[in-house]
Amino acid sequence: MTGPTDSLTRDARPVSGGVHTGAPCSSGTVAVPGRVARELRLTVARGAGEPLQLRVAGDLDVATAPELESQLMALGAIRLDLSRVTFIDLVGLRVLVEAHVRDRRLHVVAASSACEHLLELTRTTHLLRVD
């Protein structure tokens, strides 16, 4: 790692082994035939004496949610910053809820208005505490 915040850019092809463990997170553009390409950026931040934080930016949808899912499975307990998520669909929400059910140490520290709106509509705000 090069410092307290690291990110790695790559395309969204599957990584051998399925997850990044101990490596910087990634960003990539996912191209779905017949649809506009979606971009998701994931950045890990480690502060001295602070829990690991994953910053999520871009569209969190059916095309990009698997990338976040693999990172959440690899990282375990985490603080999640969703303040730069521009769009989220139910597949993205499913990834967040399943991560919470799997490891109750998932804590949302910030959420964009798009995320907050979907959490309110689906009545899942109690599962994913947003500070």
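The table for this structure:
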{"read-out": "Tally of residues being crowded, with 17+ Cβ neighbours inside 10 Å, out of contact with any Ser or Thr (no Cβ under 7 Å at 6 or more places or on another chain) and not in a helix (DSSP H, G or I) across region 66-108", "value": "7"}
{"read-out": "Options 109, 15, 95; residue that is β-branched (Val, Ile, Thr) and at pLDDT below 55", "value": "15"}
{"read-out": "Residue tally, condition assigned to a helix (DSSP H, G or I), out of contact with any helix residue (DSSP H, G or I) (no Cβ under 9 Å at 6 or more places or on another chain) and touching a residue at least 12 places away in the same chain (Cβ under 8 Å), over region 109-131", "value": "2"}
{"read-out": "Residue selected from region 48-65 under the condition buried (at least 19 other Cβ atoms within 10 Å of the Cβ) and of a type in the set (Val, Ile, Thr), by the criterion nearest to residue 114 (Cα to Cα)", "value": "56"}
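The values are calculated or read from the model by the stated rules, or taken from the named source; none is laboratory data. This one's a predicted model, so the numbers in the text were calculated from it and none came from an experiment. Positions of Cβ are backbone-derived with ideal geometry, glycine not excepted, and every protein chain shown enters the neighbour counts.
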